Structures are given as structure tokens and as C-alpha cells.
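The values are calculated or read from the model by the stated rules, or taken from the named source; none is laboratory data. Owing to the predicted nature of the structure, the values given are computational and were not obtained by experimental measurement. So basically every Cβ, Gly included, is an ideal-geometry build from the backbone, and we count neighbours across all protein chains shown.
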């Protein structure tokens, strides 16, 4: 079941909310939580009821193993390390089978020449997300950093439907205390107002903005996959359209998850913080898929030694972490290359920071603005190039896109543009620009969408800042648009209620072209 579907908006969510608010003031709190567990499992099973057995078995196994690890922790001389290794290995094995078996078999067959094959395996929805959450629980239980929980609360920790399908990847310490505390009805009024607003913003981002710009990205990548040469303008138009589609798709999902959870008084960790405002790749990964970055840092990068083992080992740890992060996103070499690119970007970023602080600890103030502009432009360009591999179905398709973006196939514009620019058309022709018939309307629409959405992504405050759930806002973001952030703070007022209703209406009217969230495939 999709957040952006009639079934969810007009049946599932209202019924679950009604049941929750009827039970919360009257029934035992565990019964109320049980209602959320049952409805969350229904939400998951809507896609394919067979995989309820898989998620149920995963929950039972990890819950019992976590309790055992906690009890071993209390026994003097018992470490439980081997039990932890077994648990983590079995969790990873389940992901490996469903997500990577076909990829591994096809690559082994290609390397050895053996005619091996495997039947197509349907990837269970959200297996990466709910498995990673439970691995964090097992590791923290082994470290003694968590406590024993009742089975109902643990089930809700894993299955809570706002974050079950595509994150955020929540930590037990963030969720369990919220599930343990019974709330009074009067406490929910602010949560409902904020939750509806954030959810409405997310629905608008997905249904109107992301799906709207997608129609200018998909054809370009399809043409590249067919081996057709792309000129500079077309290639960059398609790459930027996808860059913005992914931004508003994932940002929209994250807002809808945070908003839906807030309707039940649950505050999910933020997962998306205007990443295209970043001025370095390090900053980008502090803002993009923040809970995945946290997981990779805490449970992979730091255990490998992090930055405590010298610069060379640190760079190696960054590369390994990002390569595995790329593989987590999908069973394909294009995802591995994408992860390797970002690992290399991070290495260069850290090396440059080290050299800059060593050679120029106090740069002249007149370099501040040019330096910020250059840093932002370089970071954004690197991210766009990475997204080409993330989106392309094959290396050939990715290379075709990059050839066009590098200008190797020249520059071409619609003839209608030449007629509009008058005498400048001759100058453009002398500079090597070609003109082709047709395509003027698509050209204008593509760059109108790209330009408009870039302004939103780079200048506008994000939904968390508007709703006041961001915490301490970044000073550099606030300074960039002080007039905008100061005038757009959400308050419970009729004008904001009208704005919320209009956003919900616009998102709902766009539902006939409903599409899955891009991160559902991971």
C-alpha cells in the first residue's frame, strides 16, 4: 500500500487513526499498541501476504536472540559474541538471498563460463530497512546499551507502518520510550496539526513535483540506454530532471513518514535536511538519508576503525563503507560504482580539508563568497554525476549520459529557440551549436521545471524548518534566506489550516498518475 494512494488516504489511515484515538483514553496501553501492530502488519501484507511469514519470523528470531544476549551480558565471563555473530550473519544471509542471489550467480557464471542460473526471486518489501533496524538492536543488546522490551513494543518498533517501507531507519532508543509512555488525548492536538501539515507537504512533493518532473527525466535515460547519442543540453536536462525527481520523491516520502507518525504522537528521527544546500560531500551525507548515514557510520565505519587509525586507513574505511552503502541500494554494478564514486569524493574532501587547514589556516575574507559558491557548485555537480550511475540501468546507458553531459556530442537547440533569439542565432551557429526541428515545447518545459525546482531545493526552507521540528537550524541555511525562513513558521492558525488543505487537495488531485516511491526498490 502506497502513501500516495486512495486506499491509504481515504480508508487505511482514517480507520487506523479512529481506532487509535478510540482506544487510547479507554483501553490498556498495550492494547492500543497492539492495534498499531496489527494494522501495520496489514499495511505490509497488502503488497504480498506471503511475506508476513518472513517479517514475522524475523521479528520472533531477533527478539528472542536479543533477550538472550541481554541475559548473557549479566552473566560474569559470558560475552555472547559468537551468538551475536550468528544472529547478524543470519540477518545478512536473508538479505543476501532475496536481494543479491541472482546478482551473485550471474556474475559467477560470467566469470567462470558455467551456465548457472537461478529463478527470479521477488524482493520482499522493506527487507533491508527492517533487517538493519534489528541488527542495530542485536549489537546494542550485546553491548548492554539497551534493555529488555515486551514483545508487543518490539513488534511495533519493527513494523510501525509510517517508517516500515523505506525508513527512516530508527534506533530502538528513539522509539521504545515513546511506545512505553501513555499519552492523554489533550496531548495530541498539536501533533495532529503538525502531522497533517508535514504529511500534506510530502504528498505535494511526491505527487505534484517529483512525478511532474519525472516525465522529463525518464525519456532521456531511456534514449541513452538504447545507445542514442545525446547532446549537452538534452543530457544535462535529463540528469538534472532526475536529480530533482529523486530529491522531491525521497524528501516527500520522508515528510509523509514523519507526518503520519506524528499523527499518533510518535516523533521519527529526521531523515532529510536539504542536502542540495550542502557545500561539501561530507555535509551532503549529513543531510541525505541521515539515518542510513548514521547506521553506516556507527555499525560499519567506526567498527572498522573510523578516523582513529591514521589517514590512509581512514580513507580505506571510507571507501569500504560507501562501496557497501552503494551495494545496499541495489544488486548491480552501477550502484557499486555510485558508492565507489561517493567514497572517492569523501576521500578527496577529507584530504583537501587536511591540506587547506595545513597550508591556509586563515584564508582572506574576500575569498569567503567565491569559496562558498565554488564549493557548492562542485559538490552539486559531483552529486549529479553520481546520480547518473544511480539511475542508469547499465554502464552503457550511464556512459552515454556522461558523454553527452561532457559535450562530446556537441550542443543542439530547437529551431524555435533560434527564431526567438534573433541575431544571436548566427553567433550560436558559429560557436558550433546545431539546431534541430521540433522539441521546442519539451525544451522549455524541461528547463522551466528544472529551474523552478532548483530554486525550491536551494533557497526555500524545508518542511522541518517550517513546522519547527528541525531542532537547531543550521546558521548558514538561515542566513541564506532570512526573509523566507522568518515568515514561514507553522502555527496553529486558520491560514495554515487552509494551506494544509490546499496542499492535500493538490496532491490528491494528482493521484491518477500514482507511482511508487523510488526508494521502495531498496
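Details
- Remark: residue 395 falls outside the filter, which requires a residue to be under 31 Å from the mean Cα position of the chain (by Cα), modelled with pLDDT of 90 or more and surrounded by 14 or more Cβ atoms within 10 Å (Cβ to Cβ).
- Test: residue in the range 402-412 that is in contact with a helix residue (DSSP H, G or I) (Cβ under 8 Å, 6 or more places away or on another chain), closer than 22 Å to residue 325 by Cβ and assigned by TED's automatic domain parsing to the domain that holds residue 346: yes
- Any hit, the range 104-121, residues being modelled with pLDDT under 85, closer than 24 Å to residue 301 by Cα and outside any loop (DSSP other than H, G, I, E, B): no
- Evaluation of residue 230 against the conditions (1) in a loop (DSSP other than H, G, I, E, B); (2) within 17 Å of residue 518 (Cα to Cα) shows that the sole unmet condition is (2).
- Every residue from the range 341-369 that is surrounded by fewer than 19 Cβ atoms within 10 Å (Cβ to Cβ) and within 20 Å of the chain's Cα centre (by Cα): none
- Selection of the range 129-188 for residues being free of Cβ contacts under 8 Å to residues at least 60 places away in the same chain, more than 21 Å from residue 83 (Cα to Cα) and not in a helix (DSSP H, G or I) yields only 181.
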